[in-house]
Amino acid sequence: MNEEAINSLIGDLALILMLGAVTTVLFKWLKQPVVLGYIVAGFIASPHFALVPSVTHGENIEFWAQLGIIVLLFSLGLEFSFKKLLNVGGSAVVTAGIIVLGMIGFGFIVGKLLGFGLVDSLFLGGMLSMSSTTIILKALTDLNMRQRRFVPMIFAVLIVEDLFAVVLMVVLSSVAVNRTVEGGQMLGSVLKLSFFLTMWFVVGIFVIPLLFKRFKRLISDEMMLIISMGLCFLMAVYSVHSGFSLALGAFVMGSILAGTIEGKRIERLVSPIKDLFGAVFFISVGMMVDPAVIMQHAGTITLLAAVVVVGMITFGTFGMLATGQPLKNAVQSGFALTQIGEFSFIIASLGTSLGVLNASTYPIIVAVSVITTFTTPFFIKRADPAYERIKRLLPRNWNRALNGYSKTARTAEMPESREIWRNVAKRYFVRLLLYSVMTFAIIMISGEYLWPVIDDNVHEFFDEFLWAVITFVFVIPFLYGIMAPGIKSEERERLLALSGKVSYVPLVVMSSFSILVNTIFILIILKGVYPSQVALVASVAIALVILLLLTPVLKKRVSIIEKNFIGNVNERENRRTGHGHTLVSDLHIAHITVGHKCPFAGDTLREADLRRKYGVNVVSIERGGAQYPVPKGDMRVFPGDTLGVIGTEEQIEHMLPIVEAEEEKVPTVTSESRFASYVLSQTSSLVGKSLRRARLREDHNALLVAVERTGNDGDTQYLSPTPDIVFAPGDILWLVGSPKKIKAIV
């Protein structure tokens, strides 16, 4: 790259970032989503706006935009984590599935009616099926509705939608390349994706936490940022090598790192990079806005915006109802999902880069996103009136049926024996999937890298046999894992207590299927060594030998593997609760983050007296990246601190909700808050009260910074706001909060 090209690259980046800074400040002042400011900045920087200089080379911005997509998907992965997906439950998966499939079908039909081609219509359906997490979060925060009952379910659905979007990108890429929709080929793409995700999830959970633990003391914030971004780009490159996109690899690595003990730290470190390159990506989206195209397709844009609103309300409400949510929550959720955003742009970028989308589609989708972003707060506010109207219009027996179904779906309990067998089956299929993927991956890697080495250096008579033996040595623990008994001893005892006997039919079925799977894997290894008939007999024999003779040897090894794997998956939660971190006897060490509503936040350790109140001992305090081992009694505890405490499992469980308690609102300096001083008069209601009794933060949303008091000698002193400080006439209180509220109490 010559000097002129470098200057051009830097100049284009400077232009779009300065425009982005100006427009986002303007949109923040107008109380509009910042994303819209970036899109406007992109439009101003594009050749379609002649009043300011345009970017010199669009290829420069395309490069930064692709980098932005990688970092955005990596950041989404850091917020996602496979553990979080398991926690949201099947209802969120079902709801998201109904919304995505319904909107894809709806969008496809509308696309065909508008004269779009097959592939264009599929991409259009995909773009219209993805609600925007950023926009919904911003709208709910601005409307002060984050604490409403329907909000957690919406966020769970959005988490699943993010995963569906990644799968959708792979499927659409396959369709775009082959220019046709073939069921077998699409199924192959999904299976290949599933294998890719599972393999790297398992490998990542085994390897990365181990490395973080081993070198924790050596890894500073700077090194952690370099390591995490290096892993991100490495996985992105490997994803392309495997036939997927850069974005998919970035998302997978983010999801893997999210489950590690360093997940929050990495998320904090990557946040500025995400903000920078995410801004560049959205600005590049705005550069695609062509007023001429928008005017030409105004009718199409209006129609698609209506499709998004009507479709999301319909499928969102129906999806929530189908999973047992009350009618009110379902309607509120449906009305909150009425927009498209980040992933729609990413899918549009994918279609454009593959050359399958019409040039006008991108600006049309951007315009639809802008319209639905502006209308989202309106529809959220109209959800309650819409619910009341629907409730009045529905026949009474329909309302009773919906309420009855909702209560039944949420409270129905299955018999305990059936619950036990369900847990056994779920555990069996998870183990079968994980161990099968690892076995297949080892066979593939062995064939790809080990076989050429053996073939070049070993006599022809022995080469295939030696390869089979070495491969078999590596896969045998996983083969046993596939065949290991699926029921625990305590579950067997509980079934005996409930019914007096244990039905072995499910176990026989699972064991038979496991032998079949193992036979297939062993047959794959032996097929090059022996004829097919001999290989088949040998495969069955080896599978039975594993089950009958090698069980004692392999059981211990597989148990260690599973223990390490489960420990790594639950690492962050175990660190918080102390599970798996036993010191002696029943004493555990847990690391608990102090919430803003913790009753002893602001107190010294001596004042908090945690040993007497909760029975625990504080062995460390972590604050702002610094750790203070064995802190002294005069050290204060502040919100955001991470306390290392030692106690029994019951003591820690009792203490967790108390320490982690959060306020619904934390006082902040905003346009309605001021930092100012107030003089206490003789008649003030605060005179004679301590700060703890005054409850300035809890009841009046005010934060006391300092107390200015004149002593008997006439000297002025500033007192720290300890909970026990008592207010006196003439004190000057330096407070942050609403002036109107503060004057009313002062």
### Query
What is the one condition in (1) more than 23 Å from Val157 (Cβ to Cβ); (2) buried (at least 19 other Cβ atoms within 10 Å of the Cβ); (3) modelled with pLDDT of 80 or more that Ser284 does not satisfy?
(3)
### Message
Residues that are farther than 30 Å from Ala386 by Cα and aliphatic (A, V, I, L, M): does segment 271-278 have at least one?
### Response
yes
### Message
Between Leu704, Leu735, Leu686, which is under 18 Å from Pro599 (Cα atoms), outside the structural domain of Arg636 (by TED's automatic domain parsing), surrounded by 16 or more Cβ atoms within 10 Å (Cβ to Cβ) and not β-branched (Val, Ile, Thr)?
### Response
Leu704
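Going by the conditions given, is Gln332 within 21 Å of Thr375 (Cβ to Cβ), in a loop (DSSP other than H, G, I, E, B) and modelled with pLDDT of 80 or more?
Answer is no for this residue.
When only residues in segment 299-319 that are of a type in the set (Gly, Ala, Ser) and touching a residue at least 60 places away in the same chain (Cβ under 8 Å) count, which is nearest to Ile371 (Cα to Cα)? Break it down stepwise before answering.
Within segment 299-319, the subset of a type in the set (Gly, Ala, Ser) is 299, 305-306, 311, 316, 319.
Restricting the remaining residues to those that are touching a residue at least 60 places away in the same chain (Cβ under 8 Å) gives 305, 311, 316, 319.
Numbers: Ala305: 7, Gly311: 15, Gly316: 19, Gly319: 24 Å.
Result: Ala305.
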### Query
From the residues in segment 214-226 that are assigned to a helix (DSSP H, G or I) and touching an Asp or Glu at 6+ places or on another chain (Cβ under 9 Å), which one is modelled with the lowest pLDDT?
Lys216
### Message
If a residue must be surrounded by fewer than 16 Cβ atoms within 10 Å (Cβ to Cβ) and among the hydrophobic types (A, V, I, L, M, F, W, C), how many such residues does segment 713-731 contain?
### Response
3
### Task
List every residue pair whose Cβ atoms lie under 8 Å apart, where the two residues are 6 or more positions apart in sequence or sit on different chains, the first residue falls within segment 320-349 and is closer than 27 Å to Ile365 by Cβ, and the second residue, located anywhere, is of a type in the set (Asp, Glu).
Gln332/Asp384; Phe343/Glu161; Phe343/Asp162
### Query
Looking at Glu448, Glu460, which one is modelled with pLDDT under 75 and of a type in the set (Asp, Glu)?
Glu460
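Can you tell me how many residues in segment 307-319 are within 16 Å of Ala401 (Cβ to Cβ) and buried (at least 24 other Cβ atoms within 10 Å of the Cβ)?
The first filter runs over segment 307-319 and keeps only residues within 16 Å of Ala401 (Cβ to Cβ), leaving 317-318.
Pick out the ones that are also buried (at least 24 other Cβ atoms within 10 Å of the Cβ) and you get 317.
Count: 1.
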### Query
What are the pairs, 6+ residues apart or on separate chains, where a residue within segment 207-229 that is touching a residue at least 12 places away in the same chain (Cβ under 8 Å) has its Cβ under 8 Å from a residue that is of a type in the set (Lys, Arg) and assigned to a helix (DSSP H, G or I)?
Asp221/Arg265; Met224/Arg265
### Query
Can you find a residue in segment 630-648 that is touching a Cys at 6+ places or on another chain (Cβ under 8 Å) and not assigned by TED's automatic domain parsing to the domain that holds Leu143?
yes
### Task
Among the candidates Leu122, Leu128, Leu113, single out the residue that is under 25 Å from Gly355 (Cα atoms), among the aliphatic types (A, V, I, L, M) and surrounded by fewer than 21 Cβ atoms within 10 Å (Cβ to Cβ).
Leu113
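Restricting attention to segment 390-403, does a residue exist that is touching a helix residue (DSSP H, G or I) at 6+ places or on another chain (Cβ under 7 Å), assigned to a helix (DSSP H, G or I) and at pLDDT 80 or above? Spell out the reasoning first.
So in segment 390-403, the residues touching a helix residue (DSSP H, G or I) at 6+ places or on another chain (Cβ under 7 Å) come out as 390-391, 399, 402.
Okay, now just the ones that are also assigned to a helix (DSSP H, G or I), so 390-391, 399, 402.
In the following step, the residues that additionally are at pLDDT 80 or above were identified as 390-391.
Yes, there is a match, as at least one residue in segment 390-403 is touching a helix residue (DSSP H, G or I) at 6+ places or on another chain (Cβ under 7 Å), assigned to a helix (DSSP H, G or I) and at pLDDT 80 or above.
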### Message
Any residue at all in segment 287-306 that's surrounded by 22 or more Cβ atoms within 10 Å (Cβ to Cβ) and not hydrophobic (A, V, I, L, M, F, W, C)?
### Response
no
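The values are calculated or read from the model by the stated rules, or taken from the named source; none is laboratory data. Note that the structure is predicted; figures quoted are calculated from it, not measured. Here Cβ is always computed from backbone atoms with ideal geometry, including for glycine, and neighbour counts include all displayed protein chains.
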